[in-house]
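To keep things clear, I will list the structure first and then write my remarks on it.
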Amino acid sequence: MSLPNESLSKYSIPADIFAEALVRCGIKYVVTVPDMLQIALHQRLDRAIDGIFSINCTTEDQAVETAAGLYAGGARAAIIVQNQGFYAAINSVRALGLDSGIPLFFIIGQFGREFSNLGQDPRRSKRRMVRMLEPLLETLEIPYWRLETHNDEENIEKAFYSSRERKGPAALIVGHFIGFEN
């Protein structure tokens, strides 16, 4: 069963609100493999009006490695990928985030999430790539926060600062498309 379009908007955080939170965190770079789930945020950041620069990568491993290099150079970065891309980058996450203690801030889009699962536990999704993300993060001892509705906006900053405090990866799981500006 699909939800009416007006019902979906409550699960979508506008790109401008998202960008403002990244600015409050002092993030200067967003390293990404661009995706459709977060296209509104990509378009907002590509305009560079927030003082945040986008670095597009060809693989998620490259995105993780680039963010680690930016951290080594003293810059704050966010890594924007989809769930399936995060899975592809596990070895780099392990080596740089977990073993080397680099604070990697992941913004992970839940590609493949069913409309009928919005507002529900993602672990109940019929799609493996959706339901296995949180258990994988728990196995890797990576803390995560969900961004499901406007009530979760503060989780953007919580996840970022967690990565800094723990000196390791932390994730923000974006449950639905980022919304275009109003």
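Results, tabulated for the structure shown:
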item	result
Filter result (of a type in the set (Ser, Thr, Tyr) and either over 19 Å from Gly97 (Cβ atoms) or over 16 Å from the mean Cα position of the chain (by Cα) (or both)) within segment 108-152	Ser116, Ser125, Thr139, Thr149
Pairs with Cβ under 6 Å, 6+ apart, first in segment 36-54 and in contact (Cβ under 8 Å) with a residue 12 or more places away in the chain, second surrounded by fewer than 16 Cβ atoms within 10 Å (Cβ to Cβ) and aromatic (Phe, Trp, Tyr)	Ala40/Phe180
Selection within segment 160-182 - farther than 21 Å from Lys10 by Cα, in contact (Cβ under 8 Å) with a residue 24 or more places away in the chain, in contact with a strand residue (DSSP E or B) (Cβ under 9 Å, 6 or more places away or on another chain) and crowded, with 19+ Cβ neighbours inside 10 Å	Phe160, Ser163, Pro169, Ala170, Ala171
Test: Leu98 is of a type in the set (A, V, I, L, M, F, W, C), under 25 Å from Glu165 (Cβ atoms) and touching a residue at least 60 places away in the same chain (Cβ under 8 Å)	yes
Search result, residues across segment 123-181 that are among the β-branched types (Val, Ile, Thr), over 23 Å from Ile27 (Cα atoms) and not in a helix (DSSP H, G or I)	none
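For every residue, the table says whether it meets (1) among the small types (Gly, Ala, Ser); (2) surrounded by fewer than 17 Cβ atoms within 10 Å (Cβ to Cβ); (3) under 15 Å from the mean Cα position of the chain (by Cα).
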residue: Pro14; (1), (2), (3): no, no, yes
residue: Leu37; (1), (2), (3): no, no, yes
residue: Gln43; (1), (2), (3): no, yes, no
residue: Phe53; (1), (2), (3): no, yes, no
residue: Glu60; (1), (2), (3): no, no, yes
residue: Val64; (1), (2), (3): no, no, yes
residue: Ala67; (1), (2), (3): yes, no, yes
residue: Val81; (1), (2), (3): no, no, yes
residue: Asp99; (1), (2), (3): no, yes, no
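For every residue, the table says whether it meets (1) among the basic types (Lys, Arg); (2) at pLDDT 95 or above; (3) assigned to a loop (DSSP other than H, G, I, E, B); (4) within 21 Å of Leu147 (Cα to Cα).
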site: Pro34; (1), (2), (3), (4): no, no, yes, yes
site: His42; (1), (2), (3), (4): no, no, no, yes
site: Leu45; (1), (2), (3), (4): no, no, no, yes
site: Ala48; (1), (2), (3), (4): no, no, yes, no
site: Ala63; (1), (2), (3), (4): no, yes, no, no
site: Thr66; (1), (2), (3), (4): no, yes, no, no
site: Gly69; (1), (2), (3), (4): no, yes, no, no
site: Ala75; (1), (2), (3), (4): no, yes, yes, no
site: Tyr87; (1), (2), (3), (4): no, yes, no, yes
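The values are calculated or read from the model by the stated rules, or taken from the named source; none is laboratory data. Computed from a predicted structure; not experimentally measured. All Cβ positions, even for glycine, are placed from backbone atoms using ideal geometry, and neighbour counts span all protein chains on display.
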